[in-house]
1. Scan the range 12-42 for residues that are modelled with pLDDT under 95 and among the β-branched types (V, I, T) and jot them down.
2. Within the range 46-102, restricting attention to residues that are hydroxyl-bearing (S, T, Y) and outside any strand (DSSP E or B), which residue is farthest from A207 (Cα to Cα)?
3. Mind listing just one residue for me: the one in the range 301-315 that is touching a residue at least 12 places away in the same chain (Cβ under 8 Å) and assigned to a loop (DSSP other than H, G, I, E, B) and, of those, surrounded by the most Cβ atoms within 10 Å (Cβ to Cβ)?
4. List the pairs whose first member sits in the range 126-142 and is on the phi > 0 side of the Ramachandran plot and part of a loop (DSSP other than H, G, I, E, B), whose second member is polar (S, T, N, Q) and exposed (fewer than 13 other Cβ atoms within 10 Å of the Cβ), and whose Cβ atoms are under 8 Å apart, counting only residues at least 6 apart or on separate chains?
5. Hey, could you check the range 40-71 for residues that are closer than 18 Å to D306 by Cα and either under 19 Å from the mean Cα position of the chain (by Cα) or not assigned by TED's automatic domain parsing to the domain that holds S208 (or both) and say which is surrounded by the fewest Cβ atoms within 10 Å (Cβ to Cβ)?
6. Condition (residue is outside the structural domain of M139 (by TED's automatic domain parsing), in a strand (DSSP E or B) and buried (at least 21 other Cβ atoms within 10 Å of the Cβ)) applied to the range 185-206: is it met by at least one residue?
7. So if I check each of G350, G330, G345, G303, which one is under 17 Å from the mean Cα position of the chain (by Cα) and over 18 Å from R155 (Cα atoms)?
8. For G101, only one of the following conditions fails: (1) modelled with pLDDT of 95 or more; (2) closer than 30 Å to P180 by Cα; (3) in contact with a Lys or Arg (Cβ under 9 Å, 6 or more places away or on another chain); (4) not aliphatic (A, V, I, L, M). What is its number?
Amino acid sequence: MGLEVAHFGQSRSTEPVVIATSTVNALAITPYQTWAFRRAEITGFVSSPFRLPSGNALTFARVRQLDPRSIGADRLVALTQRALEPLGGLIARVPTQARLGVVLCLAERCDADEHGRRARRRLESTVLGPLIERGYQVMGRTIAKGHASFGYAAREVGAMLESGQMDLALVLGVDSYYDPFVLEALFQEERVLDSDWRESFVPGEAASAIVLARADVARDLGVKPTATLDSVATNEEVATVDNDVGLLALGLSRAAVAVVKRLRREKRTLDWWISDATGEPFRVQELELAWPRAAHLAMTPEGRLDLFPSHFGDIGAATMPTGVAVAIEGLRRGDPFGRTCLATGSSDGGARGAVLLTALT
């Protein structure tokens with residue numbers, strides 16, 4: 001698939017709105033704590049029980065409230081349950097006749113092998129099971145496109161919300177490298193940070209949930225929206241970390257430019273860009289190419305670029321929804337100053353996502 005773009009609320013004020021967020025990660029267990037601790041320049045990096053081939057302890061950005069013996073699917077389920085718990089009161093107020101959408105944003109490995117597919121089935125049961133038992137007719141969807149998954153999810157549910165096909169959507173991104181099977185594959189590729197693998201990433205883990213709804217549904221629930229979902233673009237990059245195709249960064253560039261052009265047309269600025277780029281040369285080069293192509297269209301010298309892995313480690317499919325949750329907290333509190341945020345994600349397999357939102361006061 002090539003570039004796909006969706007702009008919401010252009011002809012009338014029908015853009016989907018964010019009515020709740022939740023997150024658990026190596027820094028904190030709420031969006032507000034996450035924003036505040038990150039603002040204080042705290043990082044989540046600690047030593048882990050895992051050993052690298054060199055014998056060094058693996059540095060990990062892990063959720064220390066979880067049992068260190070919990071791995072793989074059990075870990076993903078525990079993260080998911082913690083992220084969903086704060087939303088229980090809101091979901092309970094949603095009428096069972098409402099058209100409810102649920103999208104799980106997962107790592108690409110959840111489609112690639114049986115180990116990942118087992119985790120996927122566990123997560124689907126964890127999230128969808130209780131809702132179905134309570135009588136909801138759930139439109140369920142799983143998108144396993146890694147870091148870019150939330151972009152694809154936001155484009156799909158945004159269109160369904162705006163058209164009236166859906167009333168409310170729960171989009172949850174969860175990922176964790178705290179799994180011996182996953183780490184072993186990364187060790188073989190020399191992908192994780194070690195004394196001899198310096199241009200690599202620190203693995204992390206997180207779960208973040210974003211609740212989107214139509215504005216009229218938010219009013220009926222008595223909830224004040226915190227942001228609007230303005231535009232979403234998804235694309236594919238032919239160059240990946242696993243092939244030798246020359247990187248032009250057209251996949252991310254075209255997605256980012258497509259949504260930022262809207263700001264330029266509306267004479268608005270892009271105030272915050274949240275990227276999932278790590279210190280890996282491939283990621284750095286992609287951002288160096290994509291950043292100026294989109295930023296010059298709408299960013300001012302006061303605009304801000306942040307790389308989330310520098311505080312959370314690489315949190316994969318949870319990166320973009322975590323970025324959205326943190327962006328809403330920060331923009332509504334004036335740090336950074338502004339109202340708009342672009343969250344971007346680049347998966348190992350080539351999927352690229354860009355989501356533009358506007359925080360509401």
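The values are calculated or read from the model by the stated rules, or taken from the named source; none is laboratory data. Since the model is a prediction, treat every value here as computed from it, not as a measurement. FYI the Cβ positions are ideal-geometry reconstructions off the backbone, even for glycines, and counts take in every protein chain you see.
1. Scanning the range 12-42 gives a single hit, T14.
2. So, considering only residues that are hydroxyl-bearing (S, T, Y) and outside any strand (DSSP E or B), the one farthest from A207 (Cα to Cα) is S54.
3. I315
4. If the second residue must be polar (S, T, N, Q) and exposed (fewer than 13 other Cβ atoms within 10 Å of the Cβ), the pairs left are G135/T96.
5. By that ranking, first place goes to T43.
6. no
7. On inspection, the qualifying residue turns out to be G330.
8. (2)
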